[in-house]
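Asks: Before we start, here is the structure in question, set down as structure tokens.
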Amino acid sequence: MATALHPLPALRRLPAWHLALSLAAAARVELALRRRSLPETARALGLVVAAPSAPSHGSGEPAPDAPLARLPRWTSEPLRATAAVMRRWPLGQDGPPGSAMCLRRSLVLARRLRSLDPVVRIGVAPGDHAARVRAHAWVEVGGLALDASAHEYTPLTSLVPAVRVGSAAP
């Protein structure tokens with residue numbers, strides 16, 4: 001019965017300000033993606049969206065057992081708040097369930113963890129039919145993928161040049 005009265009019990013355990021920061025980041029990402037290209041969005045958010053310059057754990061090899069255990073303790077609440085907000089994010093789902101959400105989720109998470117110099121990667125994997133491919137975006141910190149499914153995808157090698165706020169456009 002308590003679930004019927006309050007369908008979001010996990011949100012009560014998160015500080016409201018973490019949820020507010022993740023919600024604000026999600027809104028900023030959404031607006032940027034709807035108005036700009038991905039490289040321009042990355043620049044505006046102060047993020048790196050890059051092809052791998054060195055082997056990453058998204059290129060066919062399994063992700064380390066516990067990459068999240070290697071993150072600083074303070075990242076736990078931003079990770080949880082971002083997951084909670086993005087699970088309920090109503091925008092960006094013009095296609096099948098989950099379509100384009102991994103890019104939004106990755107950009108929001110990278111924005112929340114930007115002091116750790118995260119990199120957003122985009123990769124592809126064979127789809128159900130020979131003419132189809134699956135695409136996915138994930139965040140890496142220190143070369144470790146924060147997404148357990150990243151090892152299923154081959155990172156694109158010529159996506160966009162790595163960009164940061166203030167860097168000269170190529």
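Just so it is clear, none of the values below were taken in a lab; they were calculated from the coordinates. Note that this is a predicted model, so its numbers are computed, not measured. Heads up, the Cβs are rebuilt from the backbone with ideal geometry, glycines too, and the neighbour counts pull from every protein chain shown.
Asks: Under the rule of at least 5 residues apart or a separate chain, name every residue whose amide H is placed under 5 Å from the amide H of Tyr153.
Replies: Gly60
Asks: So, one more: Report the extension gain between Ala148 and Arg70 in nm, rounded to one decimal, defined as 0.36 nm multiplied by the number of residues separating them, less their alpha carbon distance. Spell out each step's value before the answer.
Replies: Values: separation 78, 0.36 × 78 = 28.08 nm, distance 1.43 nm.
Full extension of this stretch gives 26.7 nm more.
Asks: Going by average Cβ neighbours within 10 Å, how do the peptides 79-85, 136-142 rank, with the highest at the top? Can you show the working numbers first?
Replies: Values: 79-85: 20.7, 136-142: 22.3.
So the peptides 79-85, 136-142, ranked by packing, come out 136-142, 79-85.
Asks: Which whole-Hz ³J(HN,Hα) couplings does region 36-41 yield from phi under the Karplus relation 6.51 cos²θ - 1.76 cosθ + 1.60, θ = phi - 60°, glycine and proline marked x?
Replies: Working through the residues one at a time gives 9, 6, 4, x, 5, 4 Hz.
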